[in-house]
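FYI, it's all coordinate maths here, none of it is from the lab. Treat the numbers as computed from the prediction; the structure is a model and nothing was measured. Counting neighbours? That spans all protein chains shown, and the Cβs are built from the backbone with ideal geometry, glycine included.
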Ligand code: SF4
């Protein structure tokens, strides 16, 4: 809707200057949420559509990772036996050690617990780390630690924090993450707090840490630094509570289909009814609610209902010109029911129209060429617009080819396969059931795969993600599937996210995780221009650097060369566009029980060969393009069987 509203140019909102109507700008739009728990889903959708946005005053300044990281380092500088602070700092971008290095430190520790003193003395022997970078990072970190220690009594606390940020490049790392301005804003806010603390006459690192820790424990609701300029042309995401007193030309109320959470548990407390319990009946084996529990629960529910009605009223009255109600089409929650009832009672049913998604104009070319999130990388990581990623007009007569990563991967396996899949778009026919079209089972498998991708695209993952996020998303995306399919999907996803590489995501800050990262990479060769397009399933940045994972909802195929080639292309395009030094890549087969991951580390040194290969393939493809089916080269029958190609009946058994 947002993309359509802004790009359609229709005069949808009032213009206070002319008194008439004018087109919508991003800055006219506010998305109002009941709570902040699911704001990531909306952020992700806005990112994918290329709409600029701003999360307004997210909660939890003291609870944010950057504040905890710095607080841990200050604690450790003040008290060097604080093992928890030590380990937390080592794992944070302030030191950037990997999990493997932390494990090696623990295993290498004398006695039965990790003693920081054993390792932080300059020159003290270190355990053997698997990664060479970990040794360098640890040595650099402990050198800096001694400098900060020596300086802490000569500097003010704000100066000490500034020195730490600048020496470790922490600000740069945080800015490179998605929503990096917010992280940086929080760091500046902390420095300001340290200044205020000192100006108030308070002294000493220890006192500051005590105050900071007390704030972290007590005031998770402190607003994050406000980084909005107020009149920027960005979509605002905020809670309904935050929107009180404000008005916007276009208001979108999100998730009107969500339901009220019932009071779970066996104990309930209501300030006026008192403490109510459920008791367990040994004879019937059931739980029974006592009278206080029942009346307390009823009152709590009615109060919650009233509060929700008030909240809906507040949200709806924030809209000046347009009010958009958005929610899951197949589910009806409490708000949606009220809205439907009200519309019906008021006899307005014939006035209500459902927004039909119109055909979208193409993304402006300036946005193609770099994943929108990675765009935010710092200097040195910015896309090289001089050679790749930038779309410029071509001289006449020079062919330009746009091709997807999956098409190139098919072509790499077999030109004929490419022709069937991407030119003819022929149905895959199971060779063992020659001339039969896809069975219900197969269609349902494909549909399952598509929905699994939707689940993984939209579920909040990473540090702080709700415990049941995956389960809730599977329930939502598979409403009409059997319980068995749902439970299999959930089991497979939980298993995959419980082991590397996806398990690393549990500790990654949500802002450092990007889903469905689309890209277009341009290769300019003599007499040809080639644009490769694709979307990587998931990309993130943590202490081990950049990682990219492509997942397939399947078991491991016998011949996975196509998938590995696809992975190489993703890595090549991402690394070239963003001058990354290395990228850990993996394809994860979500239905594979054991050995479900194929990993590949792509290095810049691998890039020229791959580029040549791609260019040769493109040249071949250009030559073949207009040829009839029979002239497209085939593979040998033996290798088609090994690959279990589903076009064998077409190629060989006519
Ligand atoms: S059967 Fe063999 S030759 Fe035919 S499309 Fe498949 S891989 Fe290519």
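For region 434-587, the relative contact order is 18 percent, taking Cα pairs closer than 8 Å that sit 6 or more residues apart in sequence and dividing their mean separation by the residue count. The separation of region 140-165 from region 447-494, counted between C-alpha centres, amounts to 46 Å. Annotation for region 512-530 versus region 627-654: alpha-carbon center distance of 30 Å.
Cα convex hull, region 456-605: 132 Å³ per residue, rounded to a whole number. Sorting 321, 28 from the fewest to the most surrounding beta carbons within 10 angstrom yields 321, 28.
Listing 585, 196, 406 from fewest to most neighbouring C-beta atoms within 10 Å gives 196, 406, 585. Using only Cα atoms, locate the centre of region 535-575 and the centre of region 284-310, then give the distance between them in Å, rounded to an integer. Going from one Cα centre to the other spans 49 Å. Residues 421, 121, 236, arranged from fewest to most other Cβ atoms within 10 angstrom of their Cβ, appear as 121, 421, 236. Using Cα-Cα distances under 8 Å and only pairs 6 or more residues apart, what relative contact order does region 65-218 have, in percent? Answer for region 65-218 is 25 percent.
Looking at region 65-218, what % of the alpha carbon pairs are farther apart than 27 Å?
Result for the distance tail: 23 percent.
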